[in-house]
Amino acid sequence: MKIKWGVIGCGGIADRRTIPGMMLAENAELVAVMDANKEAAERVKEKYNAKYAFDNVEDLLAIDEIQAVYIASPVFCHKEQAFAAAKAKKHILLEKPMALTCEESQEIADVCKKEGVKLAVGLMMRFHSYHQEMKKIIEEGKIGDIVSMRGQLTCWYPDIPGNWRQNKALSGGGALMDMGIHCIDLLQYISGLQAKEVTGFAGTQTFQYNADDSSAIVMKMDNGAFAFVDANFNIPDAAARCRLEFYGTKGSILAEGTVSQVEGGNVDVLISDDSLGYDASQDRNEPVPMKLDVTFGNMYTKEVESFSNAILNDTAPAIPAEEAIALQKIVESAYSASDDKQTKQL
Ligand SMILES: NC(=O)c1ccc[n+]([C@@H]2O[C@H](COP(=O)([O-])OP(=O)(O)OC[C@H]3O[C@@H](n4cnc5c(N)ncnc54)[C@H](O)[C@@H]3O)[C@@H](O)[C@H]2O)c1
C-alpha cells in the first residue's frame, strides 16, 4: 500500500531534498504539487512526474485520492495551509518551524486533533544514520552521564532583497529559529534529555536584515547538564564545521558535518578506559577515537516512509507536534532572554 501525497510549496527543500527522497520511498506516491508560483509547480510536476500542478491550495486539497500533504511553503503560510489541509482531512507532514509562534503551532496541533488527522514535523535530521547510532551509544550508557553538549549549524546567507526568511515577521526568526532549532532538537533527541532553562544572545551583526544572523544560547538540561547551541548565517560555508558534541562522565561523542541536509560527516567516540582517578599531571596521551561506522541512507526517504507507515498502520508519528512545539518554545524563550538582556552587564 502506498500513501498518496500532495506537496505544498515546491521551493528549496521540497525540490532539492524531500521530493527526491519521497520518490525512493516504498510506501509513498507523489500525486500533486502546488506552489504560489505556477511555473515552479509546473516544473516540479514535470520533473517528478506528478499528475497535477496547482497554484492554490484549495485545488490540491480537493483531490480526493490525496491522503497526506507535505507543507514546505514559507513559514508565514504554514498555519493557514495546515488548517485548510486538516479540514480537508489530509494528514500533514509540516516543515519546521511549524508556524510563526508557539501559539500558532499549538493551534495547528489542536485543529489536526479535532479533525482526526495525523501531524508530524520535518525534523528529518533525527533520521540521520549517525544520529541514530549516537543515540544508541548514549542510551547504552557508554559515555556515562551527560554533563555537557554542544550543537552548531552555520551557513553564509547574505542580504537578499524580499527574502521571507530574512524578515522575522515572515519567518518567526533567523539563524536560531531556522537552523539552531535542528541543533536543539538533536541535542535533546540524541541525549534523551530535556531543556529546562535557557538564556542567550541573538542579533544581527553582519547583514542588514531584521532576522538574527548570529545566535548563541545555553540551556540547562533536566539532569543538570549544560548545553550550548550556536547558529549563524554569517560564517562562510567553506569555514563551517557544524559540530555536535556530547561529553559524559565516561567519554564523549564528537561529530562534524552531521548536522546537515545530507547524510554524511564524521563521528569520533572516545571512551575512558582508566580508573577515573584524578590525574594531577594532566599529562594526556593523544586519545585514540573509535570511528563510528554506519551505512548512510536518505533522511527524507526515511521521514516520508515513517509518516506514511504511521498513516497506514494508524500509529503515532515518529516526530510528533508536541515535541516540535516544545522546541519552538525553547527558541522563543531564548529570543526573549536576549531581548530582555537577562545578563550581567560588564
Ligand atoms: N528540515 C530542514 O532542514 C529544512 C531545510 C530548508 C527549509 N526548511 C523549511 O521548509 C520551508 C520552506 O523552506 P525553503 O527553504 O524550501 O523555502 P524557499 O523559499 O526555497 O521555497 C518556498 C517555496 O514556497 C513557494 N511559496 C510562496 N508562497 C507560497 C504559498 N502561499 N503557498 C505555496 N507555496 C508558496 C515559493 O514560490 C517557493 O517555491 C520552511 O518552513 C523552512 O524552514 C526545512
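The values are calculated or read from the model by the stated rules, or taken from the named source; none is laboratory data. Remember, predicted model here, so these are calculated numbers, not experimental data. Counting neighbours? That spans all protein chains shown, and the Cβs are built from the backbone with ideal geometry, glycine included.
For region 95-135, taking the residues that are without any contact (Cβ under 8 Å) to a residue 24 or more places away in the chain and farther than 23 Å from LEU312 by Cβ, the one that is farthest from the ligand (Cβ to nearest atom) is identified as ASP110. Within region 70-87, the set of residues being within 19 Å of ALA310 (Cα to Cα) and either over 18 Å from the mean Cα position of the chain (by Cα) or part of a helix (DSSP H, G or I) (or both) comprises ALA82, ALA85, ALA86. In region 53-67, of all residues being among the hydrophobic types (A, V, I, L, M, F, W, C) and in contact (Cβ under 8 Å) with a residue 24 or more places away in the chain, the one that is surrounded by the fewest Cβ atoms within 10 Å (Cβ to Cβ) corresponds to ALA62. Set side by side, the residues ALA50, ALA14, ALA40, ALA36 differ, and just one is within 9 Å of the ligand (Cβ to nearest atom), in a loop (DSSP other than H, G, I, E, B) and either in contact with a Phe, Trp or Tyr (Cβ under 6 Å, 6 or more places away or on another chain) or more than 20 Å from LYS113 (Cα to Cα) (or both), which is ALA36.
Taken over region 165-197, the criterion of being among the hydrophobic types (A, V, I, L, M, F, W, C), away from the ligand (no atom under 15 Å from the Cβ) and in a helix (DSSP H, G or I) is satisfied by LEU187, ILE190.
A count restricted to region 72-91 and to residues that are near the ligand (Cβ under 8 Å from one of its atoms) and touching a Leu at 6+ places or on another chain (Cβ under 8 Å) stands at 3.
Among the residues of region 68-89, is any of a type in the set (S, T, N, Q), in contact (Cβ under 8 Å) with a residue 12 or more places away in the chain, crowded, with 18+ Cβ neighbours inside 10 Å and under 23 Å from LYS329 (Cβ atoms)? Walk me through it before giving the result.
Kept after step one, since they are of a type in the set (S, T, N, Q), are these residues of region 68-89: 73, 81.
Subsequent filtering for residues that are in contact (Cβ under 8 Å) with a residue 12 or more places away in the chain retains 73, 81.
Imposing the further condition that a residue be crowded, with 18+ Cβ neighbours inside 10 Å reduces the set to 73, 81.
Still in the list and also under 23 Å from LYS329 (Cβ atoms): 73, 81.
Looking for residues that are of a type in the set (S, T, N, Q), in contact (Cβ under 8 Å) with a residue 12 or more places away in the chain, crowded, with 18+ Cβ neighbours inside 10 Å and under 23 Å from LYS329 (Cβ atoms), one finds at least one in region 68-89, hence yes.
Looking only at residues in region 2-11 that are part of a loop (DSSP other than H, G, I, E, B) and near the ligand (Cβ under 9 Å from one of its atoms), which one is surrounded by the fewest Cβ atoms within 10 Å (Cβ to Cβ)? This residue is GLY11.
Do we find that GLY173 is surrounded by fewer than 16 Cβ atoms within 10 Å (Cβ to Cβ), at pLDDT 95 or above and on the phi > 0 side of the Ramachandran plot in this structure? Explain how you work it out, then say what you get.
Values: surrounded by fewer than 16 Cβ atoms within 10 Å (Cβ to Cβ): no; at pLDDT 95 or above: yes; on the phi > 0 side of the Ramachandran plot: yes.
No, not satisfied.
With respect to GLY144, is the statement that it is part of a loop (DSSP other than H, G, I, E, B) and touching a strand residue (DSSP E or B) at 6+ places or on another chain (Cβ under 6 Å) true? Considered against the rule, which asks whether it is part of a loop (DSSP other than H, G, I, E, B) and touching a strand residue (DSSP E or B) at 6+ places or on another chain (Cβ under 6 Å), GLY144 comes out as yes.
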